[in-house]
Amino acid sequence: MVIKETKLKGCFILEPKVFGDSRGYFFESFNQKKFNDLVGLEINFNQDNESFSTKGALRGLHYQVGEYAQAKLVRVIKGNVLDIAVDIRKDSPTFGEYVSLELSEENKAQLFIPRGFAHGFIVLSDSAIFSYKCDNFYNKEFERGIIYNDKDLNIDWKFDEKEFIISEKDLKLPTLKEAVL
């Protein structure tokens, strides 16, 4: 597995070694020891989530606060998405900056998003199955978010906004300046 740190400290791209032959392919999608060694942290994932979305579906930007903050390891099982991680750590030199990465069934890349980041994605293919490993349990009372089109973040979603499919809940999210961090 190859690991690359992004411009946001603690946020990593993981590229697995894929073995292919006439039968198809095989790769190790997760190994706790290797993962912890690669990122230099002791992360214990305890919840796996999966979502199915159609083209143009935008989910995010979401995060949890306090004792329910979550680190995530995300990947696409089917289709392709543009994945976004925003640094919302107030004391970080990259506060308010984001990284974007196309995750797909072809590249099999994964993005590790540490605690203190907001996360979202938009589906670029006809549909996508998206997988999340989380290191803390979901708690609705601690769930927060930032509006996808915050002008200060200026995220390039690489998709025509007229075609976005966004939940009512996500359309009511505050800007980064208004958000509870």
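The values are calculated or read from the model by the stated rules, or taken from the named source; none is laboratory data. Bear in mind that the values here come from a model prediction, so they are computed numbers and not experimental data. Please note: Cβ atoms are built from the backbone with ideal geometry, for glycine as well, and neighbour counts cover all protein chains shown.
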Checklist entry - Taking interchain pairs and intrachain pairs at least six residues apart, which have beta carbon atoms under 6 angstrom, with the first residue in the stretch 104-115 and crowded, with 18+ Cβ neighbours inside 10 Å and modelled with pLDDT of 95 or more and the second assigned to a strand (DSSP E or B) and among the small types (Gly, Ala, Ser)? => result Ile113/Ala85
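So which residues in the stretch 28-39 are in a loop (DSSP other than H, G, I, E, B) and surrounded by 12 or more Cβ atoms within 10 Å (Cβ to Cβ), if there are any at all? Don't jump to the end; show me each part of the working.
Taking the stretch 28-39 first, the residues in a loop (DSSP other than H, G, I, E, B) are 28-31.
Listed by number, the residues that qualify are Ser29, Phe30, Asn31.
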Next on the checklist: On the basis of being out of contact with any Leu (no Cβ under 6 Å at 6 or more places or on another chain), surrounded by fewer than 17 Cβ atoms within 10 Å (Cβ to Cβ), at pLDDT 95 or above and farther than 27 Å from Val2 by Cα, does Glu67 make the cut?
Outcome noted: yes
Item to check | Qualifying positions in the stretch 152-181 - hydrophobic (A, V, I, L, M, F, W, C) and more than 16 Å from Phe121 (Cβ to Cβ) | outcome: Leu171, Leu176, Ala179, Val180, Leu181
Checklist outcome for this item: Residues in the stretch 40-67 that are within 16 Å of the chain's Cα centre (by Cα) and outside any loop (DSSP other than H, G, I, E, B) total 15
Item to check | Selection within the stretch 11-25 - part of a strand (DSSP E or B) and surrounded by 11 or more Cβ atoms within 10 Å (Cβ to Cβ) | outcome: Phe12, Ile13, Leu14, Glu15
Checklist outcome for this item: Restricting attention to the stretch 82-127, the residues that are closer than 22 Å to Arg144 by Cα and either touching a His at 6+ places or on another chain (Cβ under 9 Å) or in a strand (DSSP E or B) (or both) number exactly 19
